[in-house]
1. Which ³J(HN,Hα) values, rounded to whole Hz and listed in residue order, are derived for segment 285-302 from phi using the Karplus coefficients 6.51, -1.76 and 1.60 in 6.51 cos²θ - 1.76 cosθ + 1.60 with θ = phi - 60°, glycine and proline given as x?
2. In nm, to one decimal, how far is the modelled label at Ser68 from the one at Ile241, with both set 7 Å along Cα→Cβ?
3. Figure the gain on full extension for Leu123 and Lys351 (residue separation times 0.36 nm, minus the Cα-Cα span) and round it to one decimal in nm.
4. If I compute Rg/Rh (Cα atoms, Kirkwood Rh) from the structure I just sent, which labelled value in [x] 0.99; [y] 0.97; [z] 1.03 lines up?
5. For the chain, find the longest principal axis of its Cα atoms and tell me its angle to the long axis of helix 194-204, 0 to 90°, nearest 10.
6. Given charges of +1 on the Cβ of Lys and Arg and -1 on the Cβ of Asp and Glu, with all other atoms neutral, how large is the dipole of segment 56-112 about its Cα centre, in debye to the nearest 20?
7. Any idea of His141's accessible area? Nearest 10 Å², probe 1.4 Å.
8. Report ³J(HN,Hα) in whole Hz for each residue of segment 344-351, in order, from the Karplus equation J = 6.51 cos²θ - 1.76 cosθ + 1.60 where θ = phi - 60°; Gly and Pro get x.
Amino acid sequence: MKTNVYVLYGGKSAEHEVSLKSASAIINALDREKFNVYPIYITKEGVWCSLGLLEKEIKNAEELQVESSQKVAYSIGRFLIETLKVGEKNIIFPALHGTHGEDGTVQGLLELIDVPYVGNGVLSSAAGMDKVIMKNIFEKHKLPQTKYLPIKLHRWKEDEEKTIKKIEEKLRYPYYVKPANLGSSVGINRVENGEELNKAIEEAFLYDTKIIIEEEMIAREMQISVIGNDYPKASLPGEFIMERPFFDYNAKYIDGKIIPVVPARLKPEVTEQVRALAVKAFKALDCHGLARVDIFVTDEDELFINEVNTMPGFTALSMTPVLWKATDGTTYSELIEKLIELAFERYEQKKSLLWTRCTK
């Protein structure tokens, strides 16, 4: 019997369009001899829309979009009653990026309905999405990282001048200003003075009520893919040739001008140190399934954790499949199947636990 794979994509997130690109690639990569593929589009309003069993190849991400006037709760109910095949082998692949998808909210729902799903659980998804919490965890585990300062919206509104002064006392320019809970470089700006800082903070607060200010790190940024559950493994590191001070949304998903270098240009011993640090970060956040770990390497070969992405993109420019192809020859389709296997492994492990008090 084939496994039913329900690919969730879209969602109430600034990364809605990125999710469409990821879902298109995942859907096309799934072997129809092994899997029945059901695309589940989540509109920007949060409505779940099933496209039914899909057997054709997706040539344009727009094919995966539909309109619906249903209520959110009703649409989820219809998915559970009408689309999810009770009594069959089911798994959900949440190809969702950003808030309301990668942040533990959808993962919590999937835990409640007791369906296996690809990727990280509630805790690691939530912690990995919140850059402040993530960095606090790294600090607890004594993992090296750049200096940072979190700012909350209500504090900013109370006294903007005092907040700016506090930032400038604790950190040295230039900074990166980021929403705490967003990805794909949405709402991120590099600033070199107070005027730019003020504007960048205002923009970041459009996307979140908590933001983070980080000191700029003069270094090359490595990307490492980590997959696994109890025994995670890290890929070779990769990097991008930089044409901009940092990769904003356009550079990543629209312009197509960034060039991946895989494996990254590092000394062999530094490569192994980077891979080991990536696994430590993966474990620190209690990740399962997959994650992409971004690590800075200075000219002196010092390593600093930047962040962990708990559901990295699967677009044509995404590093994750490229890294594994270079590391051990794993193809894109094989990688998708490996993630599904890991999801079932994790699900069976959790199902073996006792949910009532043992009276022996």
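The values are calculated or read from the model by the stated rules, or taken from the named source; none is laboratory data. Small disclaimer: the values here were computed from a predicted structure and weren't measured. Positions of Cβ are backbone-derived with ideal geometry, glycine not excepted, and every protein chain shown enters the neighbour counts. Keep in mind that these areas ignore ligands, DNA and RNA; they rest on the heavy atoms of the full protein, side chains included. Shrake-Rupley method; radii C 1.70, N 1.55, O 1.52, S 1.80 Å.
1. These are the phi-based 3J(HN,Hα) values: 8, 6, 6, 9, x, 7, 6, 10, 10, 9, 10, 7, 10, 7, 5, 8, 6, 7 Hz.
2. In this crude spin-label approximation the distance works out to 4.4 nm.
3. 80.3 nm
4. [y]
5. 10 degrees
6. 220 debye
7. Roll a 1.4 Å probe over it and His141 shows about 100 Å².
8. Once θ is set to phi - 60°, the couplings for segment 344-351 become 5, 4, 5, 5, 5, 5, 5, 5 Hz.
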